[in-house]
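Values in this text are rule-based calculations from the coordinates and carry no lab data. Everything quoted here is computed from the prediction, not taken from an experiment. When we count neighbours, we look across all protein chains shown, and the Cβ atoms used for this are built from the backbone with ideal geometry, even at glycine.
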Amino acid sequence: METRIEQLSKTADAQTQNFPDMLSLVVHRLAAERLRSDPQLLEIAKANLQRWLNQTPGVGAWLEWKEILENESLENILKIISAETDEGQRLRSSSPFAGLISEDERRKVIKICAEAKPF
């Protein structure tokens, strides 16, 4: 039986051209599923972002995420991090959603994505 990570990887495989983009898309889709089932996890992203801004204020991408997290609905945030667009890819590259999936899950995603899109 296929795992959820494998299912997400298959859909991302058809939509991405390279390993880093596929990895980011799958990780963020998994994070989106977690957020959908437990919206309180959004606080992890907000805390990450605040910590980063405290360490290095004024980084444009982080300020953009601050605006998104403060002003968008959860559903819109989920769409943003799961978007199969250049804009979605750009935003994922500076995403504050670290910590929403386990290290074990992250390793599984890396393995599956590497098999689908070798470096």
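Among residues other than GLU87 with Cβ under 15 Å from its Cβ, the summed charge is -3 (Lys and Arg +1, Asp and Glu -1). The simple spin-label model puts a point 7 Å past each Cα toward its Cβ; for ALA114 and GLN89 those points are separated by 2.2 nm. Sorting VAL59, VAL26, VAL109 by the number of Cβ atoms found within 10 Å of their own Cβ, with the fewest placed first, yields VAL59, VAL109, VAL26. Both radii are taken from the alpha-carbon atoms of the range 4-116; with Rh as the Kirkwood radius, Rg/Rh is 0.96. Shape summary of the range 39-99, radius of gyration then Dmax from alpha carbon positions: 11.0, 31 Å.
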